[in-house]
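Report on the following structure.
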Amino acid sequence: MRYLILLQFYFLLLPAVRSQPADTTDYAALVNPLIDTHKSRWFYFSSASRPFGMVNLSPDTQLRGSWESGYLYDSTSVKGFSHIHGWQISGIPVMPATGEMRGHHGPDDYQSPFRHDTEEVSPGYHRLYLDRYGITAELTSTTRVGMHRYGFSNDGKDRYLYFDTGTFLAHDSTLYSEVRLVSDTEIEGFAVMGPTNRRPKPFTVYFVARTDTPMKAFGGWVNGQPLPGRISSVGGKDAGAYLSFADTLQRLQLKVALSYTSVGGARQNLVRELDHWDFDAVVEDSRREWNEELGKIRVTGGSKAHRVKFYTDLWHSLLGRRIVSDFDGKYADNTGEQTIVRTMPLAEDGSPRFPHYNFDAWWGSHWSLNILWALAYPERMDGFGATMQAMYQNGGMIPRGPSGGNYTFVMIGDPAASFFATAINHGIHRGFDVDTVYAGLRKNAFPGGIRDKAGYEHHTRLGGGMDYYVNRGYVPEGLPGNGYHKDGASMTLEYAYQDWCLAQLARKLGKEEDDALFTERSTNYRHLWDERTGWMRPRELDGSWMEGFAPVAEQDQFSARGFCEANSAIYTFYVPHDTEGLIRLFGGREAYVSRLNASFEKQQANWQGANDKNHAVNWVDYANQPSTGMAHLFNKAGAPWLSQKWVRAVKERYADTDPYGGYHGDEDQGQMGALGVLMAIGLFSVDGAAATEPGYEITTPLFDEVAIQLNPDYYPGATFTIRTAGDPGRNLFLQSARLNGQDWSRVTLPFARYREGGLLELTVGPEPNKAWGTEK
């Protein structure tokens, strides 16, 4: 049955592919948003969205739950088109309908069946047909304004737009919403989204909506009951509004502008971004913007499937984290007791220098987004740095993943340390002050900072274990408190890496005492090395080794005790800053390489499953962050041919381009997409490119040529090109390299060379050249 569905899916795509321009610069034509949507996540799927857009307008087939919600490919009914699909944020669903007004009955009642053979999806655009109502729905957007176009059949039935602002969306219920009639073509209002166990405070989204056709009537409901008579506003819990139109209406267009600051902010966003009704022009402009962003990395050669997966991965890396500031730079700060509207720093012309962002954790981004954005999108890295500095100045802590202006304390540690080390050591700091940021990062690295809070530990500081880490050199198991992820072994290993990142910054800033302090603390991983077992082993509160230890779990588990969404087999290799030191603990390179290679061989036999969510049973796990540097570790251990081999094996494991594969796990707001891009272009950095003098390890690209456009505001070069001879799609072993015409025998490409632009020429063959790339 599944194969029949896949066959139908491929035939479904053919008309859309044929309709795209033949111009090879139409990179958006290679993006397939439907990849791995059978088990989507609320923030995973977007269609009518700009890069990092505040508006993420798309159909919702499942409204409840952070997981398996939003758009699910195997669903058969649409329950509405909501405008926000972000990390712990949602809001403003709209549904067109005909016939009897049924908005007050809720989405489960007024939903409509749809079929994929009527559907077209591409970056910035979504079209489908609502079978129940005979309505063709089309969606597009600017950054802050969603635009709808609805075509009605000639059925003589009344037409409606439901603004079901009080419905349950994804994470929790809507506490209160209000919709007000402004004119016969405009409404305004807001919705207050309830707190979640991750986002501890409510947040408010404001909107202004306009139609291109005057409405016939305005009405609403509260608690499932329609309000009688003529009204001009509706408000309450479980409230909503409807707009009705003449039964002869053939086409209706709608614009919905959002803001997190005020209705006035939403109206300004509407006026500044979308002052016309040309729907097709908005689709075309969105396509142009996506092509501009995707075209910053241009690949040629390789198979069509490889190019589709590559540009879909790149699209994800530019999509999942959302702008939450208005056109004029105003944003809602919820770090204190009351929401305060603040403004991001402005340029001389009065425009904001950078937006304010909402985003999931940086946990694991040192092997994905940090590297990719530093290579090709430094302006985005700068903007996220500006957001984190603002939150530090507003609330006293640099965050590890904010939502709705709140701290969420998502995951563990302080992964912002590696983010800022990568940014600053690449010269990316136009949007923030280096000394201010360093002070915030240093605060986080001691008791009382953000490391002291376990996952989602909002009101206490019990689960992070920093007193133990500072005094003992490790975090034990069995810490008190109600936080998540109180996994001492993972905390210890991640804190040690983050300390090394701080040492790199201290060295850059000439802070010698801090450099020495954090360099020494970065060796704390050694306190978990158990010579008897040859693995990193958790320790109890009394200092003893954890009993019943095994490197992997014997049965399906999400996490093994002591390890965050992983196990010892994975975290034993989590010393990205000191591979040489870890190799010595193993007893030498041969033992280290042999153990690492054996882990890949064991895992390869288990790569046939459709989902890798049971992380603790895996020897290698590319469906989750802690493992995503493992294939590149051979480059650091003097066996680069094994990195070439296993990077390609991982790429093939996640090469699917249909709705039932492609990521096989958690694509955390572009992290796995960014990792896929790095593997495909053959550049990576085990230490997250966070060193004082950063560099990238080379593996075999998938393509004949990769051309990365360098941002002239940050780097002096124009383009860095990687050209590979010898059919890299089939021959994966590097034979030789030349950098700007000179022989290059090192596996590492220094950033100092990359930033100048140039040409890296690689030659590949079917068998390993074990003499290349082993020079230190």
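The values are calculated or read from the model by the stated rules, or taken from the named source; none is laboratory data. Being a predicted model, the structure only gives us computed values, none of them experimental. Here the Cβ is made from the backbone with ideal geometry for all residues, glycine too, and neighbour counts use every protein chain on show.
Within the range 466-483, the residues that satisfy the criterion of being farther than 12 Å from Arg537 by Cα and either out of contact with any Gly (no Cβ under 6 Å at 6 or more places or on another chain) or surrounded by fewer than 18 Cβ atoms within 10 Å (Cβ to Cβ) (or both) are Met466, Asp467, Tyr468, Tyr469, Val470, Asn471, Arg472, Gly473, Gly478, Pro480, Gly481, Asn482.
Determine whether the range 254-267 contains at least one residue that is more than 20 Å from Ser49 (Cα to Cα) and surrounded by 17 or more Cβ atoms within 10 Å (Cβ to Cβ).
Yes, the range 254-267 contains at least one residue that is more than 20 Å from Ser49 (Cα to Cα) and surrounded by 17 or more Cβ atoms within 10 Å (Cβ to Cβ).
Candidates are the residues of the range 520-543 that are in a loop (DSSP other than H, G, I, E, B) and closer than 16 Å to Gly465 by Cβ; the one that is nearest to the chain's Cα centre (by Cα) is Pro538. Please state which one of Gly124, Gly91, Gly86 is crowded, with 24+ Cβ neighbours inside 10 Å and in contact with a His (Cβ under 9 Å, 6 or more places away or on another chain). That would be Gly91, the only listed residue that is crowded, with 24+ Cβ neighbours inside 10 Å and in contact with a His (Cβ under 9 Å, 6 or more places away or on another chain).
Residues in the range 144-163 that are within 29 Å of the chain's Cα centre (by Cα) and farther than 21 Å from Asp212 by Cβ: there are none.
Which one of Leu683, Leu678 is in contact with a strand residue (DSSP E or B) (Cβ under 6 Å, 6 or more places away or on another chain), of a type in the set (A, V, I, L, M) and either closer than 22 Å to Arg321 by Cα or not assigned by TED's automatic domain parsing to the domain that holds Phe419 (or both)? None of the others qualify; the one that does is Leu678.
Output yes when any residue across the range 332-347 is farther than 26 Å from Gly717 by Cα, in contact with a Leu (Cβ under 8 Å, 6 or more places away or on another chain) and in contact (Cβ under 8 Å) with a residue 12 or more places away in the chain, and no when none is. No - not one qualifying residue is present in the range 332-347.
Count of the range 124-137 residues, restricted to those that are assigned to a strand (DSSP E or B) and touching an Asp or Glu at 6+ places or on another chain (Cβ under 9 Å), is 5.
Close contacts from the range 274-285, counting a first residue that is in contact (Cβ under 8 Å) with a residue 12 or more places away in the chain and in the same structural domain as Leu252 (by TED's automatic domain parsing) and a second that is among the hydroxyl-bearing types (Ser, Thr, Tyr) and surrounded by 12 or more Cβ atoms within 10 Å (Cβ to Cβ), with Cβ to Cβ under 6 Å and a gap of 6+ residues or different chains, come to Leu274/Thr142; Val282/Thr140; Val283/Tyr125; Val283/Thr140. Looking across the range 303-326, the residues that are in a helix (DSSP H, G or I) and not hydroxyl-bearing (Ser, Thr, Tyr) come down to Lys304, Ala305, His306, Arg307, Val308, Lys309, Phe310, Asp313, Leu314, Trp315, His316. Name the single residue that is nearest to Ala637 (Cα to Cα) among those in the range 734-757 being in contact with a strand residue (DSSP E or B) (Cβ under 6 Å, 6 or more places away or on another chain), surrounded by fewer than 21 Cβ atoms within 10 Å (Cβ to Cβ) and in contact (Cβ under 8 Å) with a residue 40 or more places away in the chain. Once the filter is applied, the top-ranked residue is Thr748.
The residues listed here are Ser559, Ser490; of these, the one that is in the same structural domain as Gly463 (by TED's automatic domain parsing), among the polar types (S, T, N, Q) and at pLDDT below 95 is Ser559. Among the residues of the range 675-694, just one is within 22 Å of Arg730 (Cβ to Cβ) and assigned to a loop (DSSP other than H, G, I, E, B), namely Gly682.
Regarding Thr719, is this residue without any contact (Cβ under 8 Å) to a residue 40 or more places away in the chain and within 27 Å of the chain's Cα centre (by Cα)? Yes: the conditions hold for Thr719.
Residues checked against (1) assigned to a helix (DSSP H, G or I); (2) more than 21 Å from Pro694 (Cβ to Cβ):
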| residue | (1), (2) |
| --- | --- |
| Glu379 | yes, no |
| Tyr392 | yes, yes |
| Met397 | no, yes |
| Ile412 | no, yes |
| Thr422 | yes, no |
| Pro447 | no, yes |
| Glu457 | no, yes |
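Only one entry of Asp184, Asp164, Asp155 meets the criterion of being at pLDDT below 95 and of a type outside the set (Gly, Ala, Ser), and that entry is Asp155. Scanning the range 153-181 for residues that are farther than 12 Å from Gly91 by Cβ and buried (at least 22 other Cβ atoms within 10 Å of the Cβ) returns Arg159, Tyr160, Leu161, Tyr162, Val179. So, of the residues in the range 734-773 that are among the hydroxyl-bearing types (Ser, Thr, Tyr) and part of a strand (DSSP E or B), which turns out to be nearest to Leu710 (Cα to Cα)? Only one residue tops the list, namely Thr748.
To keep it simple, each residue is scored yes or no on (1) on the phi > 0 side of the Ramachandran plot; (2) in a strand (DSSP E or B); (3) under 26 Å from the mean Cα position of the chain (by Cα); (4) in the same structural domain as Trp87 (by TED's automatic domain parsing).
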residue	(1), (2), (3), (4)
Asn635	no, no, no, no
Ala649	no, no, yes, no
Asp658	no, no, yes, no
Gly673	no, no, yes, no
Tyr696	no, yes, yes, no
Tyr714	no, no, yes, no
Pro728	no, no, no, no
Asn731	no, no, no, no
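Reported count of residues in the range 215-225, each being crowded, with 16+ Cβ neighbours inside 10 Å and either in a strand (DSSP E or B) or among the acidic types (Asp, Glu) (or both), is 5.
Is it the case, given these coordinates, that Lys508 is touching a residue at least 12 places away in the same chain (Cβ under 8 Å), among the charged types (D, E, K, R), farther than 26 Å from Val593 by Cα and buried (at least 24 other Cβ atoms within 10 Å of the Cβ)? When the stated conditions are applied, Lys508 does not pass them. Scanning the range 186-200 for residues that are of a type outside the set (Gly, Ala, Ser) and surrounded by fewer than 20 Cβ atoms within 10 Å (Cβ to Cβ) gives Glu186, Val192, Pro195, Asn197, Pro200. If you go through the range 164-214 and keep only what is part of a loop (DSSP other than H, G, I, E, B), within 29 Å of the chain's Cα centre (by Cα) and not charged (D, E, K, R), you end up with Thr165, Gly166, Thr167, Phe168, His171, Ser173, Gly194, Pro195, Thr196, Asn197, Pro200, Pro202.
Considering the range 327-365, the residues that are aliphatic (A, V, I, L, M) and part of a loop (DSSP other than H, G, I, E, B) include one that is farthest from Pro200 (Cα to Cα), namely Ala347. Of the residues that make up the range 381-394, is at least one among the acidic types (Asp, Glu), farther than 24 Å from Pro576 by Cβ and surrounded by fewer than 24 Cβ atoms within 10 Å (Cβ to Cβ)? Taking every residue of the range 381-394 in turn, none turns out to be among the acidic types (Asp, Glu), farther than 24 Å from Pro576 by Cβ and surrounded by fewer than 24 Cβ atoms within 10 Å (Cβ to Cβ). Could you look through the range 298-307, keep only residues that are within 14 Å of Gly729 (Cβ to Cβ) and either in the same structural domain as Tyr27 (by TED's automatic domain parsing) or not small (Gly, Ala, Ser) (or both), and pick out the one that is surrounded by the most Cβ atoms within 10 Å (Cβ to Cβ)? Going through the qualifying residues, I end up with Val299.
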